[in-house]
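Please read the structure below before turning to the comments.
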Amino acid sequence: MDIATGSFNDVSLQKTDFQATPAAERVAVLSNPRRNGVKSQGVLNEAGLKSINKGGTTQFRVHFKLPTDNDNTKDMIMFWGDNGAPEQRPGLLITYTVP
């Protein structure tokens, strides 16, 4: 995943988001859900944590490690937005330790 402090271009998804320069690249690797309904998760690295906009929007850009696995079938994963059912909506869980 790549991260934008704020948004890549606009808060809504834009075609130009895919070419926009991120605040940091490869800030997390998401787990591979093996079947429908299984959540994917990742942990932000230090660059990702530093790029979080603590006073507003932070956007993430998800992409595949390889563009194809050469099996002649579509490679895709679906993420629901805030219009999905509550259990389908993406979430951000923040865990911290007080020094």
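The values are calculated or read from the model by the stated rules, or taken from the named source; none is laboratory data. Predicted model only: the values in this text are computed from it and were never measured. Neighbour counts run over all protein chains shown; Cβ positions are idealised from the backbone, glycine included. Protein only, heavy atoms only, side chains kept; ligands, DNA and RNA dropped before computing areas. Shrake-Rupley method; radii C 1.70, N 1.55, O 1.52, S 1.80 Å.
Would you work out the relative contact order for the stretch 14-86, in percent, from Cα pairs under 8 angstrom that are 6 or more residues apart?
21 percent.
Across the accessible surface of the stretch 1-71, with the other protein chains kept in place and a 1.4 Å probe, carbon and sulfur atoms take up 52 percent. Highest GNM mean-square fluctuation among Q14, Q59, Q41, for the chain modelled with Cα contacts below 10 Å: Q14. Run the reach check for K65 against lysines, Cα to Cα strictly under 25 Å, same-chain hits fewer than 8 apart removed. What comes back? K65 reaches K15, K39, K50, K74. Accessible surface area normalised per residue over the stretch 15-77 is 87 Å², counting heavy atoms of protein chains with a 1.4 Å rolling probe.
Within the stretch 26-58, report the trypsin sites (Lys or Arg not before Pro) that DSSP leaves as loop and that have at most 12 other Cβ atoms within 10 Å.
Here the sparse-neighbourhood loop sites are R34, R35, K39, K54.
Remark: spin-label model distance I94-K65 equals 3.0 nm, labels positioned 7 Å along the Cα→Cβ axis. Annotation: the chain has a Kirkwood hydrodynamic radius of 15.2 angstrom, from the mean reciprocal C-alpha pair distance.
With springs only between Cα atoms under 10 Å apart, run a GNM on the chain and tell me which of N83, N53, N32 wobbles the most. Ranking N83, N53, N32 by mean-square fluctuation puts N83 first.
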